[in-house]
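First up is the structure itself, then whatever we jot down about it.
The values are calculated or read from the model by the stated rules, or taken from the named source; none is laboratory data. Only a predicted model underlies this, so the values are computations on that prediction, with no experimental measurement involved. With ideal geometry, Cβ positions are generated from the backbone for all residues, glycine too; neighbour counts draw on all protein chains shown. Areas reflect the complete protein model, heavy atoms only, side chains present, ligands, DNA and RNA absent. Shrake-Rupley method; radii C 1.70, N 1.55, O 1.52, S 1.80 Å.
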Amino acid sequence: MKLHEYQAKDILGKSGITVPNGQLVTEVDQATKATQIINGPPWVVKAQVHAGGRGKGGGIRLVQYPYEVVTATEALLGNRLVTPQTGPDGIPVNQVLIEEGVEIDREYYLGMIVDRSTACPTMIFSTAGGMDIEEAAASSSEVILKEPIDPAAGWMIHNSRNLLYNVDPPLPMGAVRTLMAVMGSVYKIFMTLDCSLVEINPLALTRDRKVYALDAKINIDDNALYRQKELLLLEDTREKDPLELMADKYHLNYIRLEGNIGVMVNGAGLAMATMDMIKMAGAEPANFLDVGGGASEDMITKGVEIILKDERVKAIMINIFGGILRCDVLARGVVAAARKTGIQVPLIVRMEGTNVEEGRAILKDSGLKFFVAKDLAEAAALVARQVSEKGLKN
Ligand code: GDP
Ligand code: MN
């Protein structure tokens, strides 16, 4: 789960990291009021979306006059923002953060992730912070310093020394102590809130040697949300695909893809293999849908319904290996969904495993038209033929 910048800054601020004063607005007519509360000029008007690269996409506006705060807010609110990290359609801007502008002397990057190669929470620091950090990291990786933290020992002061004393040129006097404190706070936030990412970029140094978190990203590990109930209240689902939201509700793993074959499978590994087979047969999946090991009849029905709500879907392929999920349960779910939706697209089923004969009989006796493939290769070939030009004409 991703937090918005304003939410992340709230958390940083509460743990003692300096963040600029700001005001969140959701309507243009709140903007003028914000300029009266927030120090300026300059002001910074920032689109609140779950994507980075906003500066490069016009989502961050540094302005000098109150009327410009209003026009910048107007330009962002209610529109879609395209950044190098969004798709070409962009994402909707529902909220804007108006902040006091800070005069930046230097921009640093500070981040924390779990590094898979060392299996340790790892702090990342760079003096090449700001909007071009990705390019800097790609062209000269030595500007990016990494410090794995032994989770048993926790954060130790030498961790920050390793990061802060090894930069070239050295950090200005007066900045090191504050940066050390910021690092300790970031580690604590990362661990106590079950984060998968905490990132401050830029972590800005002013000429009078104050350190400000000017941008903030916090992502929470979804698997820990059951014990982070307060954070769950901060979730903003408005940027999510409505079908993904519906799938979440029924505990289905659904991800939208670009093709036109609806796919339903049990188990992520089987889903990957199925998508490979579809692609090898010359077609493109419209989605990834894993109903999981122990799906119920109702979950199967909901899965098919979700796939059918996607208007791009021209054929459906269901590939189930009946283990805990029995083939008869699957078949009943599919028949129920087909009846309920009055399905108009061809549906190809390949199933094997527990109660497969019973499952096949249920499909056959339903009176509905299903293609039952004898194996995965045949299923993939069948579904691909349905959406090929020849298949569509027939
Ligand atoms: P991002 O592009 O999505 O990472 O958005 P940021 O919040 O990082 O803003 C982009 C850039 O705008 C930053 O890298 C800064 O250079 C600049 N910026 C953000 N806030 C301020 C500010 O208060 N003062 C100044 N001068 N620049 C700012
Ligand atoms: Mn940033």
For the stretch 114-136, the count of residues that are under 23 Å from residue 53 (Cβ atoms) and hydroxyl-bearing (Ser, Thr, Tyr) equals 3
Long-range neighbours under 7 Å by Cβ, at least six apart or interchain, first residue open to solvent by 30 Å² or more (accessible area, probe 1.4 Å) within the stretch 55-71, second small (Gly, Ala, Ser): 61/72; 62/101; 70/31
Which residues, counting only those in the stretch 195-219, are in contact with a strand residue (DSSP E or B) (Cβ under 9 Å, 6 or more places away or on another chain), more than 15 Å from ligand 2 (Cβ to nearest atom) and open to solvent by 30 Å² or more (accessible area, probe 1.4 Å)? 196, 210
In the stretch 248-269, what residues are closer than 14 Å to residue 379 by Cα and free of Cβ contacts under 8 Å to residues at least 60 places away in the same chain? 263, 264, 265
Looking at 191, 131, can you tell me which residue is under 28 Å from residue 84 (Cβ atoms), touching a strand residue (DSSP E or B) at 6+ places or on another chain (Cβ under 9 Å) and of a type in the set (A, V, I, L, M, F, W, C)? 131
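Is there a residue in the stretch 327-335 that is part of a helix (DSSP H, G or I), open to solvent by less than 50 Å² (accessible area, probe 1.4 Å) and at pLDDT below 90? Break it down into steps so the answer makes sense when it comes.
At the first step, the residues of the stretch 327-335 found to be part of a helix (DSSP H, G or I) are 327-335.
Subsequent filtering for residues that are open to solvent by less than 50 Å² (accessible area, probe 1.4 Å) retains 327-331, 333-335.
Remaining after also requiring at pLDDT below 90: none.
Within the stretch 327-335, not a single residue is part of a helix (DSSP H, G or I), open to solvent by less than 50 Å² (accessible area, probe 1.4 Å) and at pLDDT below 90.
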So the strands (runs of 3 or more DSSP E) completely within the stretch 106-148 holding 3 or more residues that are surrounded by 17 or more Cβ atoms within 10 Å (Cβ to Cβ) and within 16 Å of ligand 2 (Cβ to nearest atom) are 106-115, 120-126
Within the stretch 72-92, work out how many residues are open to solvent by less than 40 Å² (accessible area, probe 1.4 Å) and over 14 Å from residue 53 (Cα atoms). 5
Any chance residue 322 is in the same structural domain as residue 255 (by TED's automatic domain parsing) and touching a Ser or Thr at 6+ places or on another chain (Cβ under 7 Å): yes
